[in-house]
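Report on the following structure.
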Amino acid sequence: MTIMEHTSKITVRYYETDQMGVVHHSNYIRYFETAREEMMQHYGIPYSETESRGIIMPVHAVHCDYIRPARYGEVLSVVTRLEEMPRSRITFRYQICNPSGILLAKGYVTLAFVDVSRGVPVRAPGFLTEVLEKYLNL
């Protein structure tokens, strides 16, 4: 099985931390989203393309395991993986590591596909699966 993977670099900003310089837990979900958007752009399927074709992708589920704290000023590596062809939902898996390669957090986000004009869930659009088929050798 081939897995699509992309690594994003995110610098921890001061406002994302508490007085001890530790990243607030809610920011990890933002890091997931930033990395997911970068991955989709990298593979030629930006969100703007999906939305211009009438498909939105609301969050269905989010999960994050917090292992160690990220700290102010660190440049984090966020690895985003897509391991299976989407049907009516798509799941992205993440690992966040500090500059030393130590795993800080891992998790996943599942998005649904919704036809914006009808407001109903739909299967993954063909233009998206055509691109993914080039990279996912299932």
Taking amide hydrogens as modeled 1.01 Å from N in the peptide plane, which residues meet the under 5 Å criterion relative to Ile67, leaving out close sequence neighbours?
Ala105, Lys106
Give the relative contact order (percent, whole number) for the chain; include only Cα pairs under 8 Å separated by 6+ residues.
32 percent
Rounded Å value of the spacing that divides the Cα centres of the stretch 8-31 and the stretch 92-138:
22 Å
Note down the magnitude of the dipole of the stretch 27-69 about its Cα centre, charges +1 on Lys and Arg C-beta and -1 on Asp and Glu C-beta and zero elsewhere, to the nearest 20 debye.
100 debye
Where does helix 26-42 land angle-wise versus the long Cα axis of the chain, in degrees 0 to 90, nearest 10?
50 degrees
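Return the loop-located trypsin sites (Lys or Arg not before Pro) in the stretch 59-113 (DSSP other than H, G, I, E, B) with at most 11 other Cβ atoms within 10 Å of their own Cβ; answer none if there are none. Could the numbers behind the result be given before it?
On the way: sites: Arg71, Arg81, Arg87, Arg89, Arg93, Lys106; in loops: Arg87.
Loop-located and lightly packed - Arg87.
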What does the charge dipole of the stretch 71-138 about its Cα centre add up to, to the nearest 20 debye, if the Cβ of each Lys and Arg holds +1 and the Cβ of each Asp and Glu holds -1?
160 debye
Electrostatic dipole magnitude of the chain [Cβ: Lys, Arg +1; Asp, Glu -1; Cα centre; debye, to 20]:
160 debye
Most exposed first, judged by fewest Cβ atoms within 10 angstrom, Met40, Met4, Met20 run Met20, Met4, Met40
Once amide hydrogens are built 1.01 Å from N within the peptide plane, the residues lying 5 or more places from Met4 or on another chain with amide H under 5 Å from its amide H are Leu82
Which three lengths, in whole Å and largest first, does the chain cover when its Cα atoms are put on their principal axes?
47, 32, 22
Quick calc: nm separation of the 7 Å Cα→Cβ label points for His60 and Val22 -> 3.4 nm
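Per DSSP helix of 4 or more residues, -39500 (n - 2.57); summed, then divided by the residues of the chain. What does that give at 222 nm, rounded to the nearest 500? Mind showing how you got there, number by number?
Numbers: 3 runs with 33 residues, N = 138.
Roughly -7000 deg cm²/dmol at 222 nm, from the helical runs in the chain.
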Compute the acute angle (0 to 90°) between the alpha-carbon long axis of helix 126-135 and the principal axis of greatest extent of the alpha-carbon atoms of the chain; round to the nearest 10°.
60 degrees
What shape does the stretch 93-138 take by its C-alpha gyration tensor, where a ≥ b ≥ c are the square roots of the eigenvalues and a/c under 1.5 counts as rounded, a/b above b/c as prolate, and the rest as oblate?
oblate
Leading residue at positive end of dipole, the stretch 4-135 (Cβ point charges), from Tyr108, His6, Leu76:
Tyr108
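Taking the stretch 54-138, which chymotrypsin sites (Phe, Trp or Tyr not before Pro) meet the DSSP loop condition and have no more than 13 other C-beta atoms within 10 Å?
none
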Interatomic Cα distance distribution for the stretch 48-122, bins of 10 angstrom, percent:
18, 37, 26, 17, 2
Could you list Met39, Met85 in order of exposure, starting from the residue whose Cβ has the fewest other Cβ atoms within 10 Å?
Met85, Met39
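Since every read-out is calculated from the coordinates, none of them should be taken as a lab result. If you're wondering where the values come from, they're calculated on a predicted model, not measured in any experiment. Glycine also receives a Cβ, built like all others from the backbone with ideal geometry; neighbour counts cover every protein chain displayed.
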